[in-house]
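What follows is one structure encoded as structure tokens, with my remarks underneath.
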Number of protein chains: 2
Amino acid sequence: MLKDRTMAEKPEEAELKARLSAARNRLAAQQMQIKEHKLPVLVLMEGWGTAGKGSTIGQVIRNIDPRFFKVVSLEKATEEERRKPFLSRYFTNIPEAGKFVFLDSGWMDEVTKLCLHEKLDGKAYEMKIDSIRRFERQLTDNGYLVLKFFFHIGEKEQKKRIDSLLEDIDTKWRVSDSDKWQNKHYDKCMEVYDRYLEVTNAPSAPWYIVDAKSRKWAELQVLETLTEGIDIALQNSALAVPLLQNVFPLVKMPKLEEIPLDVMMEEEEYKEELDRLQEHLRELHNRLYRKQVPVIIAYEGWDAAGKGGNIKRITEALDPRGFEVHPIASPEPHEKARHYLWRFWSRLPKTGHIAIFDRSWYGRVMVERLEGFCSENDWKRAYNEMNEFEKELSDWGAVIIKFWVQIDKDTQLQRFELRQNTPEKRWKITDEDWRNREKWDAYEAAVNEMIQKTSTVYAPWHILESVDKKYARIKALKIIIEEIEKAL
Amino acid sequence: MLKDRTMAEKPEEAELKARLSAARNRLAAQQMQIKEHKLPVLVLMEGWGTAGKGSTIGQVIRNIDPRFFKVVSLEKATEEERRKPFLSRYFTNIPEAGKFVFLDSGWMDEVTKLCLHEKLDGKAYEMKIDSIRRFERQLTDNGYLVLKFFFHIGEKEQKKRIDSLLEDIDTKWRVSDSDKWQNKHYDKCMEVYDRYLEVTNAPSAPWYIVDAKSRKWAELQVLETLTEGIDIALQNSALAVPLLQNVFPLVKMPKLEEIPLDVMMEEEEYKEELDRLQEHLRELHNRLYRKQVPVIIAYEGWDAAGKGGNIKRITEALDPRGFEVHPIASPEPHEKARHYLWRFWSRLPKTGHIAIFDRSWYGRVMVERLEGFCSENDWKRAYNEMNEFEKELSDWGAVIIKFWVQIDKDTQLQRFELRQNTPEKRWKITDEDWRNREKWDAYEAAVNEMIQKTSTVYAPWHILESVDKKYARIKALKIIIEEIEKAL
């Protein structure tokens, strides 16, 4: 992509000025349309050291109201960040609807650096590329405008810039060791960049190579591409995208109606087992921490199925410094304004920690599907998006445990009535619960589809038969212990 | 893609029947919507020999009115087809708006076969893959629904089917040598198919792997994917797509206003030169034919600039059996119903032949742009699409010569008036010519942009200064001779 490519020709000074001014005005005008159309715009700036990524961002943002953009400059990952999955610090930094994020180097920089310093073998490199393609595709599929710029300068030009910056005491600090290394290994870098640009050049998020020899000219190229891209994105409202076939190995799962719910456990046996298993889990939690294995547990289930009590029996066994429970309700406005997985990406545990989700990302294919909070294309696409999400987590090394807490309709009615009639339990039952109950059949069909389509071998669903809550709690503990032991 | 993939599970007989019947009805209902929305649907069926591609197509089309689909079965390329560019027989077979084309194996089969028989080295393979990606992207960018199915069966299953077909005298003929070869080299084929599926799995035209173990089940998978894909495509009207940055090396070209038009040639010199050059071209045409080099010459220029007379001086020198002139007017309805490059793909010369286009595919960025016959996104995207088109032709080995026949506005006026006032020339001037003349400035800007953006090193524009038509004719002959000689 970099070699043999003719750069657009830098126009004469007068034309350059005129076009710059036109493009700046266009961008200034677009920011209100972006807001109105709720378009999120992610601008990724990659390229050679000293090519002027930062200063171009500085110029571009002058045309945008500070409330509408954020500049994110990601240097080396922090200790904290290194304890999260590779994509986490990028996913958590995506813009919200109607706003810009400018990323001053990002995932390309990270991956190509690993590659250049031989810290990624062929297989690992391919996995990273897969992750990146999925990430970018998930964004564009969900209505994000993703613009990727690569700032290109020649070897000599870079050398000249480095030397000139080094000469001056005031600018010396701007040359990083990495810049110098890059210039010394220019051809090798070129090859690695070229390969990366090639394999990540998706039609929906293509690369734009910027001739960065002159600052104003680079700014113009970015502004014109940016404003053009925005205009095109504004034309496409509520885009539907092809549904991809599942590529992840699946576990065969039963349908809900096939699951016998008459399993139960005597009080005495329950108590003994509970003590024994909690003790075991407690000990495992320590080993998890030492081995830095992250664990993600998601609970879904019918209202009044007993999720809360089940979670409590797990957390009782855990060191409070090493776990967190995330109750998931309707998204807050700032969450709703981003990709629906954003609020889960930003709640991931660090390595060695346990995150328990009381309801989860699967709301997309249940309540959001059934209440029409997202389009049909959105929820149909979501099965694959969630499998991809969990694939990232699994590749990162996480143990992923997903529970469906199952009861029958009669049991739910009894528990609803009990809640209604018991003053201290009444807060637990709302009108919404009764409304949801009316849609039992539709929910059951949705749950069946979800369980079939998202029981991957690396993150299968486990059914907790919870007519007898004791039975369900013991089963949950056993599964968690078993899954953690497999990972240790 | 083929290995480790869990196939969707074949449902029970009763469910299979119910879903088949639902999917068939859905497809039957969709055909009218497809017609109404003018959606063209290209269904590519690839896969293992004896996997049942053909019989599945046979089942699927039962639900569609015969006026709305065509089944294209491309076996080995004919002698004629082999004298056209690789993509030509696929491009010429794309569906028209509102209709289906089912391709019983296509470009995947062709490329993987070459690959398996070691007739494509690494570089050539990559070029083919690039061609295919561009082809598919051009279709989806232009509103085509492209559905790609790969029919998958295991090695043993294939062996069983081959043996069983061979046993019966009536079915024996259905087993091709290629099927047998495939089964003998199953693993090698698997590897080549897998690689191909991987690199051509674009989000806008993804692959669907069909578990082809049972015929009805295969049909269901195809029908459900097809109907789902159609529903999604129907939701997207007038989709705008990102504009890709140019990746082809360009030649620096002057602007029209910078070209001096006061060049001319004396009558006597003209006649001598004309004779000499025509004689030379005549001789080259023979050598072209023997060396099987195809030549494509495109003329664009102002009304009354002298295109016709110029072309005449070329064709006078050519053997009529070896060239064709294609006057390009507004597209016919059946042409308008397809990708705008279709009518040019179907007019390509055979190797050794010369095709002269009197006006060309560049109408897209001139008249179609200025008269609003296509969307802004369409014509802006077209520069790249035409560079890609010519890249295909150039890689095929064609000599591509593009002329812009240039006059100034005053000269045009004189010629218009002469035509108007000369009875035998009056047919040459229409109201439309006068209307176009009023838009001279807009056309000039469009032409300048076109010349800048599509003068690739493999297909640059040549300006013919045609205030003096004699000068322009001699220049055209010289350029054609020079370009052909370079290729011989």
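All of the numbers you see were taken from the coordinates with simple rules; none came from a lab. Predicted model, so just to flag it, every value in this text is computed and none were measured. Cβ: placed from backbone, ideal geometry, glycine included. Neighbour counts: every protein chain shown.
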In Å and on Cα atoms, what radius of gyration and Dmax does the protein assembly as shown show? 32.5, 118
Would you work out the charge dipole size for the range B:1-67 about its Cα centre, treating the Cβ of every Lys and Arg as +1 and the Cβ of every Asp and Glu as -1, and quote it to the nearest 20 debye? 240
At the level of C-alpha centres, the distance separating the range A:175-214 and the range A:364-442, in angstrom, is 45
Between the range A:304-337 and the range B:127-150, what is the C-alpha centre distance in whole Å? 46
Quick calc, B:Lys119 & A:Ile129: beta-carbon distance into FRET formula, R0 25 Å, rounding 0.05, result 0.30
All-pairs alpha carbon distance profile, the range A:303-414, 5 Å steps from 0, percent: 2, 9, 18, 22, 20, 16, 9, 3, 0
Modelled label-to-label distance, B:Ser176 and B:Asp275, 7 Å Cα→beta-carbon offset: nm? 5.7
Output the 0 to 90 degree angle, nearest 10, between the alpha-carbon long axis of helix B:215-235 and the longest principal axis computed from the alpha carbons of chain B. 40
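Over all directions, how big on average is the projection of the convex hull of the alpha-carbon atoms in the range A:430-478, in square nanometres?
4.7
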For chain B, the longest principal axis of the Cα atoms and the Cα long axis of helix B:376-396 enclose an angle in degrees, to the nearest 10, of 90
Given R₀ = 41 Å, what would the calculated FRET efficiency be for A:Val71 paired with A:Leu370, taking r from the Cβ atoms and rounding to 0.05? 0.55
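Starting from the Cα-Cα distance between A:Leu261 and A:Asp187, subtract it from 0.36 nm times their residue separation and give me the gain in nm to one decimal. The partial results should precede the final answer.
On the way: separation 74, 0.36 × 74 = 26.64 nm, distance 6.54 nm.
Taking 0.36 nm per residue and subtracting the Cα distance, the gain is 20.1 nm.
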How big is the range A:13-235 by Rg and Dmax over its Cα atoms, in Å? 17.5, 51
Which of the residue pairs B:Lys252/B:Lys439; A:Lys453/B:Lys17; A:Lys350/A:Lys391; A:Lys38/A:Lys453; A:Lys10/A:Lys160; B:Lys76/B:Lys180 have a Cα-Cα distance greater than 24 Å in the structure shown? B:Lys252/B:Lys439; A:Lys38/A:Lys453
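With N denoting the number of residues in the range A:334-397, provide Rg(C-alpha) divided by 2.2 N^0.38 Å, to two decimal places. Show your work: numbers first, answer last.
On the way: Rg = 12.5 Å, N = 64, 2.2 N^0.38 = 10.7 Å.
Working it through for the range A:334-397, the quotient is 1.17.
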What percentage of all Cα-Cα pairs in the range A:75-134 are separated by more than 16 Å? 51
With a point put 7 Å past each Cα toward its Cβ, work out how far B:Ile479 is from A:Arg82 in nm, to one decimal. 6.1
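What FRET efficiency comes out for the pair A:Glu13/B:Ala487, r = Cβ-Cβ distance, R0 = 41 Å, nearest 0.05? Write down the numbers at each step before the final one.
Details: r = 41 Å, r/R0 = 0.99.
Given R0 = 41 Å and the Cβ-Cβ separation, E is 0.50.
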Radius of gyration and maximum dimension Dmax of the range B:1-64, Cα, Å: 14.6, 41
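Averaged across A:232-240, how many Cβ atoms of other chains sit within 10 Å of each residue's Cβ atom?
The shielding value for this peptide is 4.
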Taking the Cα centre of the range A:256-487 as origin, work out the dipole magnitude from +1 charges on Lys and Arg Cβ and -1 charges on Asp and Glu Cβ, in debye rounded to 20. 900
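How long is the gain from B:Arg426 to B:Lys409 if the chain were fully straight, where each residue apart is worth 0.36 nm and the alpha carbon distance is subtracted? Numbers along the way, then the final one.
Working: separation 17, 0.36 × 17 = 6.12 nm, distance 1.94 nm.
Answer, rounded to one decimal: 4.2 nm.
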Nearest-ten-degree value, helix B:267-291 long axis tilted from longest Cα axis of chain B: 20
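Given the Cα atoms of chain B, and with Rh set as the inverse mean 1/r over their pairs in the Kirkwood sense, what is Rg to Rh to two decimals?
Values: Rg = 26.1 Å, Rh = 25.2 Å.
So for chain B, dividing Rg by the Kirkwood Rh gives 1.04.
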So, how do all the Cα-to-Cα distances of the range B:330-488 break down into 10 Å bins, in percent, from 0 on up? 9, 33, 37, 20, 2
If you build the convex hull over the alpha carbons only and average its shadow over all orientations, what do you get for the range B:285-349? Give it in nm² to one decimal. 5.4
State the percent of C-alpha pairs, over all pairs in the range A:102-156, separated by a distance greater than 15 angstrom. 60
P(r) tail fraction, the range A:1-119 - alpha-carbon pairs more than 18 Å apart, %: 63
Where labels lie 7 Å past Cα in the beta-carbon direction, separation of B:Leu234 and B:Val199 in nm: 3.7
Would you kindly derive the ³J(HN,Hα) couplings of the range B:132-144 from the backbone phi angles with the Karplus curve 6.51 cos²θ - 1.76 cosθ + 1.60 (θ = phi - 60°), listing them in order in whole Hz, with x for Gly and Pro? 5, 4, 5, 4, 5, 5, 4, 5, 5, 4, 8, x, 7
How charged is the neighbourhood of A:Thr200? Take every other residue with its Cβ under 9 Å from the Cβ of A:Thr200, and add Lys/Arg as +1 and Asp/Glu as -1. 0
Unit charges at the beta carbon, dipole of the protein assembly as shown: most positive-side option, A:Leu20, B:Ile407, A:Trp181: A:Trp181
